[in-house]
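The values are calculated or read from the model by the stated rules, or taken from the named source; none is laboratory data. Predicted model, so just to flag it, every value in this text is computed and none were measured. Positions of Cβ are generated from backbone atoms using ideal geometry, with glycine treated the same way; all protein chains shown enter the neighbour counts.
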Amino acid sequence: MYEEPYRWIEAVGNRRQYLDEQFTMGSPVVALAYAGGIVMLTVSRGTPKLYEIYDRIALGGMGHPADLEKLRFSLLEMAHVEGFNRSPSDVTGARLMKYGLAPTIKQAFEEIYKAPFIAKILLAELGVKPERDLFLTINYDGNFEERRGWAALGATSAVQIEMGRYIDAQPGFAQAPLAQAVETGLCAWAVGSLAQTSSGNPEGELSSVRESGEKAAAEALPDTTALLAHVRQTVAEKSLECVLLERNGPGSSKYRALRADELGRLLPPAVRASDSHRCAIDV
Amino acid sequence: MGAMRPHEKLRIQNVGEDDMGMQGDFFQLLKSQGYQFGNPVAASAGMEIPNATTILALKYRDGVLVAGDRRATAGNMVMYDRTDKVLEIDRHSVLAIAGVPATAYEMVRVLEHSFKYYRRTQLQELSFEGKLRAVSKLLKENVPAALAGTGAVVPVFAGYDHEQEAAKIYFYDILGAEFEAVEYAVSGSGSPTIRGILHYVNTWGPQPLAALPEEQATVQALRLLSSAAEFDSATGGVNRELNLYPVVKLITAAGVQTIPDTNLKQLYERDVVRAL
């Protein structure tokens with residue numbers, strides 16, 4: 001029944017709708033540059049969502065754990081075989097994305113008789129110099145984007161834009177010390193999380209934390225206190241995951257998951273009150 | 001082979017198929033892509049293959065010290081005087097190599113990627129025993145090449161075992177048999193010379209090696225390598241004119257640490273050179 005072009009387009013449209021729904025409950029992921037490298041964070045419900053891919057590449061994911069796991073394994077395989085056969089410096093986020101993830105995810109998305117990947121992925125790549133840091137995101141349909149400075153995963157692109165707007169409004173965030181970067185990241189995460197819960201109704205919950213002023217509502221940034229309160233509320237039931245790519249870290253692997261005690265010290269006081277944050281697998 | 005090409009599809013693993021058992025095994029992954037390690041190639045008569053030379057590992061007060069000279073030779077010829085034979089595989093383990101450098105470097109590359117791949121896929125460090133097995137396995141794969149005369153490697157592996165909270169030393173024969181060294185291990189053409197000295201110093205010296213603080217252990221290592229260089233032409237020792245010192249690394253719970261040349265120079269001039 002899909003041999004007619006119209007049917008096919010309709011089927012892809014249905015698939016988009018189905019997938020969009022799958023992400024509304026997901027937790028956003030934020031990655032941004034800071035003075036010492038790159039910090040990536042999210043709030044997860046048990047299953048970790050942030051991983052090490054290669055010496056200078058970290059992955060953050062949204063979606064079904066089994067799909068993320070499949071894609072993660074493929075990336076690991078590709079990166080390590082390439083790093084062994086050529087050299088570690090030839091393993092780049094851009095190549096993993098363009099020749100690895102994108103074709104696979106796009107094909108799965110368009111083969112309407114098979115299941116698509118319920119996954120959105122963010123790759124953060126630490127450059128030798130800060131200006132070479134690269135952030136890549138890919139959507140469930142295989143569409144990918146390259147950015148400098150930061151990247152975010154959220155249920156919809158509107159959510160991602162909203163999160164980015166918050167980060168861009170923090171002047172000089174890329175030179176900030178770690179604690180400040182963690183706070184910026186958490187606030188951006190809260191922006192995304194609130195935007196998602198109010199999805200379908202863009203002036204919903206998020207607008208309530210926006211600074212007042214009717215006309216300014218669309219332009220003004222949400223208030224930090226309210227955002228951190230949202231983080232604190234969420235973290236009470238879930239766990240905070242935070243990983244770093246440290247430019248001056250020892251050895252060749254620059255990836256490091258923050259331990260719970262380290263993270264505890266870095267958190268803004270407004271969030272620190274809750275004690276239940278947990279850390280990703282310690283390496 | 002195996003290299004990433006445009007339009008090459010990512011291979012999606014189907015969990016439940018026969019590759020279930022090899023998850024996290026990088027060496028199997030390489031082999032499944034056609035990689036071969038330790039191919040026997042008979043050495044033709046008169047062919048001189050570069051060799052690497054005196055390495056030693058000893059337990060001192062805080063952990064394990066691993067040291068190696070820097071000379072690579074082929075027959076009578078000195079090929080290179082800046083070889084690094086004490087190679088870090090990860091933050092807590094080191095492989096010191098004696099034998100054919102081509103094979104040894106390849107082994108280290110395989111091991112380095114294997115340990116990282118395991119950690120990143122399985123989300124946990126490979127156990128210390130697992131690391132030891134990986135070294136043995138590679139040496140076993142290498143037996144044909146070792147016997148053919150083109151690829152013999154006799155390494156010393158040292159690392160920190162987090163489970164037992166101790167730094168340990170293992171040495172191997174070319175066939176891959178693994179032996180744990182209680183106090184020290186040596187390998188390479190200069191090793192017979194220093195083996196005797198190690199035994200003497202450890203047994204009748206003012207204190208056993210295991211009681212030496214870091215600085216004294218380093219001085220011992222410099223003296224031992226200088227002795228090896230005295231009697232073995234294939235060992236480099238110290239070349240003060242060129243400011244060439246052996247490679248000395250320390251392994252403790254905190255990880256692997258390299259002693260900088262400036263420190264070695266200072267210790268050498270103070271405690272190794274005999275004042276005239």
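Candidates are the residues of segment A:71-93 that are at the interface with another protein chain (Cβ under 7 Å from one of its Cβ atoms) and of a type in the set (A, V, I, L, M); the one that is farthest from the chain's Cα centre (by Cα) is A:VAL81. Regarding A:TYR113, is this residue crowded, with 18+ Cβ neighbours inside 10 Å, assigned to a loop (DSSP other than H, G, I, E, B), away from chain B (no Cβ under 14 Å) and not small (Gly, Ala, Ser)? So A:TYR113 fails the test.
In this structure, does B:LYS265 turn out to be assigned to a helix (DSSP H, G or I) and in contact (Cβ under 8 Å) with a residue 12 or more places away in the chain? Spelling it out, B:LYS265 is indeed assigned to a helix (DSSP H, G or I) and in contact (Cβ under 8 Å) with a residue 12 or more places away in the chain. Picking from residues in segment A:93-112 that are in contact (Cβ under 8 Å) with a residue 40 or more places away in the chain and of a type outside the set (A, V, I, L, M), the one that is farthest from A:GLU10 (Cα to Cα) is A:GLY93. Taken over segment B:224-259, the residue count meeting the criterion of being touching a His at 6+ places or on another chain (Cβ under 9 Å) and among the basic types (Lys, Arg) is 0.
Condition first: within 14 Å of chain B (Cβ to nearest Cβ), surrounded by fewer than 24 Cβ atoms within 10 Å (Cβ to Cβ) and over 16 Å from the mean Cα position of the chain (by Cα). Can you find one or more residues in segment A:7-23 that meet it?
Looking for residues that are within 14 Å of chain B (Cβ to nearest Cβ), surrounded by fewer than 24 Cβ atoms within 10 Å (Cβ to Cβ) and over 16 Å from the mean Cα position of the chain (by Cα), one finds none in segment A:7-23, hence no.
Restricting attention to segment A:239-249, the residues being in contact with a strand residue (DSSP E or B) (Cβ under 7 Å, 6 or more places away or on another chain) and in a loop (DSSP other than H, G, I, E, B) number 2. Of the residues that make up segment B:99-106, is at least one in contact with a Lys or Arg (Cβ under 9 Å, 6 or more places away or on another chain) and modelled with pLDDT under 90? Yes, because at least one residue in segment B:99-106 is in contact with a Lys or Arg (Cβ under 9 Å, 6 or more places away or on another chain) and modelled with pLDDT under 90.
When segment A:161-177 is examined, which residues are found to be among the polar types (S, T, N, Q) and not in a helix (DSSP H, G or I)?
As a first pass, look at segment A:161-177 and keep what is among the polar types (S, T, N, Q): A:170, A:175.
Answer for segment A:161-177, where residues must be among the polar types (S, T, N, Q) and not in a helix (DSSP H, G or I): just A:GLN170.
Here the condition is being closer than 27 Å to A:VAL231 by Cβ, in contact with a Leu (Cβ under 6 Å, 6 or more places away or on another chain), facing chain B (nearest Cβ under 8 Å) and aliphatic (A, V, I, L, M); of A:ILE138, A:ILE53, it holds for A:ILE53 alone.
Yes/no per residue for (1) modelled with pLDDT of 95 or more; (2) surrounded by 17 or more Cβ atoms within 10 Å (Cβ to Cβ); (3) at positive phi:
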| site | (1), (2), (3) |
| --- | --- |
| B:LEU212 | yes, yes, no |
| B:GLU230 | no, no, no |
| B:THR235 | no, yes, no |
| B:VAL238 | no, yes, no |
| B:VAL248 | yes, yes, no |
| B:PRO260 | yes, no, no |
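Listed by position, the helices (runs of 4 or more DSSP H) inside segment B:79-153 whose residues that are crowded, with 24+ Cβ neighbours inside 10 Å, at the interface with chain A (Cβ under 10 Å from one of its Cβ atoms) and touching a Leu at 6+ places or on another chain (Cβ under 9 Å) number at least 1 are B:101-122. Annotation note: of B:ASN202, B:ASN243, the sole residue that is of a type outside the set (Gly, Ala, Ser) and at negative phi is B:ASN202.
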